[in-house]
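Trainee: Handing you this structure, nothing more for now.
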Amino acid sequence: MRHLIDPTDLTVREIDEIIALAEDIIAHRAKYSEVLKGKKLATLFYEPSTRTRLSFTSAMLELGGSVIGFSDAASSSVSKGETVADTVRVIRCFADIIAMRHFKEGAPLVASQYAGIPVINAGDGSHSHPTQTMTDLLTIHREKGTLEHLTVGFCGDLKYGRTVHSLIKAMSRYAGFRAVLISPDELRLPPYMLEEMRESGLEYREVKSLEEAMGEVDVLYMTRVQKERFASEEEYNRVKDCYVLDTEKMALAKPDMIVLHPLPRVNEITRAVDNDPRAAYFRQVENGKFVRMALIYSLLKWAPENRPFDQTPVLAEGLEVNKHTCPNPHCISSTEDVEQLSIGNRCAYCETLL
């Protein structure tokens, strides 16, 4: 059974195939309008979402399938204390594939161990957001014509920004990728990611000024400072207005540079920038539907027909059971009775160092 929990669950070849399929869907939409007739997608959204949930819904409907699920944890049995494992074992009786967004890091990984049907991580806490990454990759490919030899500037909330974490992982597998990390000290990239980048020999540099980076990046990935990730409003207010992209800063950029944003934005990109042809973030939104169509279609095509019920978790290759307790209070292992799993010296659910 194939799942998409982390961007690295797909090989570079598979990512390129899904991007090519998305391009074909864009060019020949009628050809794919009934390919998943009779199939059901369950959208399990424990956390608020507009673009991602509607994008998944629209994608499945345009493939001829149908959609069930919930958009608020309060309207599901989680409000009664039901675990993720039990929820997905119930949902698998009604659906063929699951898209899950959860406020706990690692929840989709737990779901994949029990579901018996493909599970797509639609965002888990501040950890990962692989389908946004697929959206970003398709957009970069369509706008720049390649995914190789690009300098990408990541600006704003690099600490809690799961879209940033996922895109860095994905881009690091393409030749010539270079990252410019633009953030205040409070919102620097998490230590585990900086360590991974150093160990892999990835070229990157950290700067505090947006102006300093504008002239060298091929892609500028703006992010909002996420109020919901902060412990206090005082801490949020201290950094919320760190970086604002305006027309003056855009004048410093390359003529063919593009601006991406996972949205929603607050005030980090002024409305005047919307009129610049290099502003690709609304084109990026539409690309998300097409790449999710390609992903849903591919995962269902790869799925085996026989789906036995498993009472014990089915662990992906490379995961090890250990006795270490993850110190991250936002990890799914901190609130649910799950196997304590690791990948090397990191928690398998949230990648926190053990």
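Trainee: Could you say which residue among THR139, THR146 is touching a residue at least 24 places away in the same chain (Cβ under 8 Å) and not charged (D, E, K, R)?
Mentor: Criteria check complete, one pass: THR139.
Per-residue answers, yes or no, for (1) open to solvent by less than 50 Å² (accessible area, probe 1.4 Å); (2) within 19 Å of SER126 (Cα to Cα):
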| site | (1), (2) |
| --- | --- |
| LEU315 | no, no |
| ASN322 | yes, no |
| GLU339 | no, no |
| ILE343 | no, yes |
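Trainee: I want to confirm something. Restricting to region 303-313 and keeping residues that are surrounded by 12 or more Cβ atoms within 10 Å (Cβ to Cβ) and either more than 23 Å from the chain's Cα centre (by Cα) or modelled with pLDDT of 95 or more (or both), which single residue is farthest from LEU109 (Cα to Cα)?
Mentor: ARG307
Trainee: Only one residue in ASP24, ASP86 is more than 14 Å from LYS289 (Cβ to Cβ) and open to solvent by 60 Å² or more (accessible area, probe 1.4 Å), so which one is that?
Mentor: The conditions single out ASP86.
Trainee: Please give the number of the condition GLU317 fails out of (1) more than 30 Å from LYS144 (Cα to Cα); (2) not in a loop (DSSP other than H, G, I, E, B); (3) not hydrophobic (A, V, I, L, M, F, W, C).
Mentor: (2)
Trainee: Need the failing condition index for ILE296 against (1) open to solvent by less than 50 Å² (accessible area, probe 1.4 Å); (2) farther than 22 Å from VAL164 by Cβ; (3) modelled with pLDDT under 90; (4) of a type in the set (Val, Ile, Thr), just the number.
Mentor: All conditions are met except number (3).
Trainee: Could you pull out the residue among GLU212, GLU186, GLU196 that is surrounded by 15 or more Cβ atoms within 10 Å (Cβ to Cβ), part of a helix (DSSP H, G or I) and either in contact with a helix residue (DSSP H, G or I) (Cβ under 9 Å, 6 or more places away or on another chain) or modelled with pLDDT of 90 or more (or both)?
Mentor: GLU196
Trainee: Something else now. Of everything in region 264-280 that's assigned to a helix (DSSP H, G or I) and in contact (Cβ under 8 Å) with a residue 24 or more places away in the chain, which residue is least open to solvent (accessible area, probe 1.4 Å)?
Mentor: Among them, the one singled out is VAL273.
Trainee: Looking only at region 30-74, which residues are of a type in the set (D, E, K, R) and touching an Asp or Glu at 6+ places or on another chain (Cβ under 7 Å)?
Mentor: Within region 30-74, LYS39, LYS40 qualify.
Trainee: Could I ask something else about it? Spot the failing condition for THR50; the list is (1) open to solvent by less than 60 Å² (accessible area, probe 1.4 Å); (2) at pLDDT below 95, and only one is missed.
Mentor: (1)
Trainee: In addition: For residues in region 1-35 being assigned to a loop (DSSP other than H, G, I, E, B) and either touching a Ser or Thr at 6+ places or on another chain (Cβ under 7 Å) or among the hydrophobic types (A, V, I, L, M, F, W, C) (or both), which is farthest from LYS301 (Cα to Cα)?
Mentor: Ranking the candidates gives ASP6 first.
Trainee: Restricting region 117-162 to residues that are open to solvent by 10 Å² or more (accessible area, probe 1.4 Å), hydroxyl-bearing (Ser, Thr, Tyr) and in contact with a strand residue (DSSP E or B) (Cβ under 8 Å, 6 or more places away or on another chain), which is nearest to TYR221 (Cα to Cα)?
Mentor: THR151
The values are calculated or read from the model by the stated rules, or taken from the named source; none is laboratory data. Quick caveat: nothing in here was measured; it's all calculated off a predicted structure. Glycine gets a Cβ as well: all are built from the backbone with ideal geometry, and neighbour counts include every protein chain shown. When the accessible area is computed, the model is the full protein with side chains, heavy atoms only, and any ligands, DNA or RNA have been set aside. Shrake-Rupley method; radii C 1.70, N 1.55, O 1.52, S 1.80 Å.
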